[in-house]
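A short worksheet on the structure shown next.
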Amino acid sequence: MKESYLEHHISKTMGKAIFDYRMISPGDNLTMAVSGGKDSLTLARLLPKWRERAPFDFKITNVHIDMGDGCAEIIKEYFASEKMEITIKKAPISKAAERSYCYWCAKRRRDTMFRLCEELNCSKLVFAHHKDDIAETILMNLFFQGNISAMLPNRPIFDGKLNIIRPFAYVEERYIKKYTAKQNYPAMPECKYANDSKRALMKRIIEELRRQNRGIKENIFKAATRERIKLDYLLDKPAVSEADNSILKY
């Protein structure tokens, strides 16, 4: 089947990010995190195709963390229908996870994934975060954490024993949505907190700003790169002397 323009664009953009950030090396053992959303299903479909054209080989193991939300069986059936393999790992129940907060859900999923990566002896953990996710994270950290930091395309963790890589780092969500519309992806249960999260709020803010400036996502993305940060124009923490402290008491 002839490769569509959308598939070609996404694969080419993904390949550029992989090479720019040195995400994958010959012989790597990758664990692909498959949530069941459009992003992870698209990456699970396209990364093996990209591997066929890559100048080196590497292993990909698809993994889904069962959070007890009904997604696991749907994903298992879909991968079987596509003649693709996937490993299902159930996340342990904890009192903290029973709280209805995105943080605890994400932490529970990631902790389980990290343990599974160790069991599989993998060197890279693959997430399907795209350029929109990165832009939203930059704003979330700025607005809610008071710092300037981003979601890195290639991030070593655990003293370099594992790297989190994001091959879709350059890919805009709108292209993935268009591609998804032409695929037979299964309908997945939606989290009831999805539209009330901080990330959803950032998405709405960026979309509103995009009406004024179509390059807003690219600008946010670039603003978090080292060459764009103007250190001479960042605020320093003011130095307060003992004399100053004495004056401030009155």
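Observations on the model:
- Here the chain is assigned +1 on the Cβ of each Lys and Arg and -1 on the Cβ of each Asp and Glu. Its dipole about the Cα centre then comes out at about 400 debye.
- Mean shadow area of the stretch 16-85, taken as a quarter of the surface of its Cα convex hull (nm²): 5.1 nm²
- Counting heavy atoms of the protein chains alone, residue 31 has an accessible area of about 0 Å² for a 1.4 Å probe.
- Computed log₁₀ I(q)/I(0) - Debye formula, equal Cα scatterers, no solvent, the chain, q 0.10, 0.12, 0.17 Å⁻¹: -0.56, -0.78, -1.54
- Per residue, in Å², the accessible surface of the chain once ligands and nucleic acids are set aside, probe 1.4 Å: 63 Å²
- Compactness check for the stretch 177-224: Cα Rg over 2.2 N^0.38 Å is 1.49.
- Whole-angstrom Cα spans of the stretch 1-53 along principal axes, big to small: 28, 24, 18
- For the stretch 1-128: Kirkwood Rh in Å [reciprocal of mean 1/r, alpha carbons]: 15.8 Å
- For the stretch 108-153, the convex hull drawn through the C-alpha positions has a volume of 93 cubic angstrom per residue.
- Rg over Rh [alpha-carbon atoms, Kirkwood Rh] for the stretch 68-171: 0.99
- Rounded to whole Hz, the Karplus (6.51, -1.76, 1.60) HN-Hα couplings of the stretch 36-47, x for glycine and proline: x, x, 4, 5, 5, 5, 5, 5, 5, 7, 8, 5
- Once backbone amide H atoms are built at 1.01 Å from N, residue 61 has 30, 31, 32 as its partners under 5 Å, excluding neighbours fewer than 5 places away on the same chain.
- The chain: calculated mean residue ellipticity at 222 nm from DSSP helix runs of at least 4, using -39500 (n - 2.57): -13500 deg cm²/dmol
- Distant alpha-carbon pairs in the stretch 137-231 (separation over 17 angstrom), percent: 67 percent
- Of all the options 20, 132, 28, the one that moves most in a Gaussian network model of the chain with Cα springs shorter than 10 angstrom is 20.
- Within the accessible surface of the stretch 1-82, defined with a 1.4 Å probe on protein heavy atoms only, the carbon and sulfur portion equals 52 percent.
- Selection among 19, 86, 71 by position relative to the dipole of the stretch 1-136 gives 19 as farthest towards the positive end (Cβ unit charges, Cα centre).
- Taking other residues whose beta carbon is less than 14 angstrom from the beta carbon of residue 187, and scoring Lys, Arg as +1 and Asp, Glu as -1, yields -3.
The values are calculated or read from the model by the stated rules, or taken from the named source; none is laboratory data. As the structure is a prediction and not an experimental result, all values here were calculated from the model. Glycine also receives a Cβ, built like all others from the backbone with ideal geometry; neighbour counts cover every protein chain displayed. Each accessible area value is taken on the protein alone, full model and side chains, heavy atoms only, with ligands, DNA and RNA left out. Shrake-Rupley method; radii C 1.70, N 1.55, O 1.52, S 1.80 Å.
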